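Asks: Let me give you the structure first, and then I'll get to my questions.
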C-alpha cells in the first residue's frame, strides 16, 4: 500500500470539522453545512498538572504518533515503517494517539519505538 494511502488512513483518525445547520430568524432550517472548513482541529494527548492524561484540540497537527492499548504505550514518527505496516493491515488505527512533542509522549508514559526512534 502506498505511503499516501497510509497517511490518509492516519488523517481519517483525526477529528472532522464541526457540522451545523444555519437558520433564519424565524427558526426555519435552511440546510446542513460544514462550518470552520479552514480551521481544522487535531486531537492530541498530553499529561495535565494533576497527572491525568487528557486529549486536547490543536490547530497544529501532532509531530509524533503513538499506539495505546492497555498497558502497551509506544510512540514514534508518523512515517515509521513498522507502524505503517500495522496500519495497512487494519491494526493500530483504533488505538492511535498523537503528540505535539517528544516530551509530551514521554511525560504520558509512552516508550520510543525501537524501529524509528533509535536515537534515544
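Asks: Which of 79, 107 comes first, and how do the rest follow, when ranked by fewest Cβ neighbours within 10 Å?
Replies: 79, 107
Asks: Okay, moving on. Write down Rg/Rh for the stretch 48-101, rounded to two decimals, with Rg from the C-alpha atoms and Rh from the Kirkwood relation over Cα pairs.
Replies: 0.99
A short reminder: the numbers here are calculations on the coordinates, not readings from a lab. All values reported here derive from a predicted model rather than from experimental measurement. Using ideal geometry, Cβ is built from the backbone for each residue, glycine included, and neighbour counts are taken over all protein chains shown.
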